[in-house]
Amino acid sequence: MKIIHGKSKSDKKVSGVISFYRRETFVPLAEHRDNPLAEYERFMQARDVAADELDMLFCIAAEKVSASAASIFEIQKMMIEDKDFNKLVSGIIKSQKCNAEFAVKCASKIFYDLLRTSGSEYMRQRAEDIFYTSDRILRKLYGHDKCFKQYTQDVIICVDTISSSDVLLMHSPFICALAMKKEAELSHGAIIAEELGIPIISGLGNELDERFEGKQALVECSKGELIIA
């Protein structure tokens with residue numbers, strides 16, 4: 001038996017099979033482009049599709065969670081459409097004559113670092129939103145759609161961290177709890193999960209290892225413990 005200690009605001013006690021959720025990640029490399037204007041138009045098209053997708057997520061969330069929680073998706077749309085962010089992407093494409101994917105990566109890293117070093121825990125959590133919103137744009141540029149696993153038994157979803165949209169779209173009566181390596185009490189993913197009635201235990205660190213995949217486990221939220229058989 002393995003006991004991993006974390007933090008939880010819930011008092012629930014649930015059990016299920018450990019299942020790791022693995023997000024597809026993109027690491028764009030710089031590629032030369034002779035036509036920066038065409039590349040910026042590619043970015044704008046992907047950005048607009050991503051913004052429309054966030055409108056859809058807001059509508060879905062409005063039927064399942066509170067108005068304040070649903071507004072998370074409006075906030076993320078504002079990030080995508082932020083003039084400074086778009087200006088930075090444009091400047092990188094023009095100055096480096098590079099692909100839109102690489103420009104989005106560079107611009108989001110600059111914004112991410114600004115928020116992470118702000119000294120505010122709330123702003124550090126919002127830095128995570130920069131990562132997820134830029135990831136949404138990259139997904140459109142690459143033409144990749146997400147595919148969520150369908151669960152047929154009670155599971156405890158294990159992740160490093162998780163986005164609000166992933167929690168909303170993967171929501172299933174078989175998801176008993178979220179177990180997270182990073183601390184996430186103020187994250188938008190945690191807020192949506194709580195609104196959906198999914199207990200969270202976070203700050204579990206690297207002891208939460210994929211070798212536990214498929215193991216039966218118990219989440220003792222009141223004690224902040226993940227107990228793996």
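For segment 151-229, GluC sites (Glu not before Pro) meeting the loop criterion (DSSP other than H, G, I, E, B) and having at most 11 other Cβ atoms within 10 Å: E213.
Springs join every pair of Cα atoms under 10 Å in this Gaussian network model of the chain, and among C147, C106, C59 the largest mean-square fluctuation is at C147.
Placing dummy labels 7 Å off each Cα toward the beta-carbon, the span from C147 to I75 is 3.3 nm. Rounded to the nearest 5, what % of DSSP beta bridges with both residues in the chain are antiparallel? Bridges in the chain are about 60 percent antiparallel.
Residue by residue, segment 41-58 carries 3J(HN,Hα) couplings of 5, 4, 4, 4, 5, 5, 4, 5, 5, 5, 5, 4, 5, 5, 4, 5, 5, 4 Hz when phi is fed to the Karplus relation 6.51 cos²θ - 1.76 cosθ + 1.60 (θ = phi - 60°); x denotes Gly or Pro. Of the trypsin sites (Lys or Arg not before Pro) found in segment 37-97, the ones in coil according to DSSP and having at most 14 other Cβ atoms within 10 Å of their Cβ are K64.
Run the simple label-point estimate for F174 and Q216 please: 7 Å along Cα→C-beta, distance reported in nm. Label at F174, label at Q216, 1.8 nm between them. Per-residue extension of 0.36 nm, minus the Cα-Cα distance of L29 and N206, leaves a gain of 60.9 nm for this segment. Among T117, T152, a tally of other beta-carbon atoms within 10 Å of each Cβ gives an order, fewest to most, of T152, T117.
Of K64/K109; K77/K149; K2/K64, which sit over 30 Å apart, Cα to Cα?
Among K64/K109; K77/K149; K2/K64, the Cα-Cα distance tops 30 Å for K64/K109; K2/K64.
A straight chain from M56 to K94 at 0.36 nm per residue would run longer than the Cα-Cα distance by 10.5 nm. Within 14 Å, Cβ to Cβ, of D160, how many net charges do the neighbouring residues add up to if Lys/Arg are +1 and Asp/Glu are -1? Local net charge: -4.
For R22 and L114, calculate 0.36 nm times their separation in residues minus their Cα-Cα distance, and state this gained length in nm to one decimal.
Contour length minus the Cα-Cα distance gives 30.4 nm.
Dipole magnitude for segment 36-142: computed about the Cα centre from +1 point charges on Lys and Arg Cβ and -1 point charges on Asp and Glu Cβ, it is near 380 debye.
Based solely on its DSSP helices, what 222 nm [θ] is calculated for the chain when runs of n ≥ 4 H residues each add -39,500 (n - 2.57) and the sum is averaged over all residues, nearest 500 deg cm²/dmol?
That comes out to -15000 deg cm²/dmol.
Positive-end ranking of A50, V27, I3 along the dipole of segment 1-88, with charges on Cβ about the Cα centre, is headed by I3. Using Cα springs under 10 Å in a Gaussian network model of the chain, which residue among A46, A67, A100 shows the largest mean-square fluctuation? Of A46, A67, A100, the most mobile in the Gaussian network model is A67.
Laboratory data are not the source of any read-out in this text; all were calculated from the coordinates shown. Worth saying up front: this structure is predicted, and the values here are computed from it rather than measured. For neighbour counting, all protein chains shown are included, and Cβ atoms are generated from backbone atoms with ideal geometry for every residue, glycine included.
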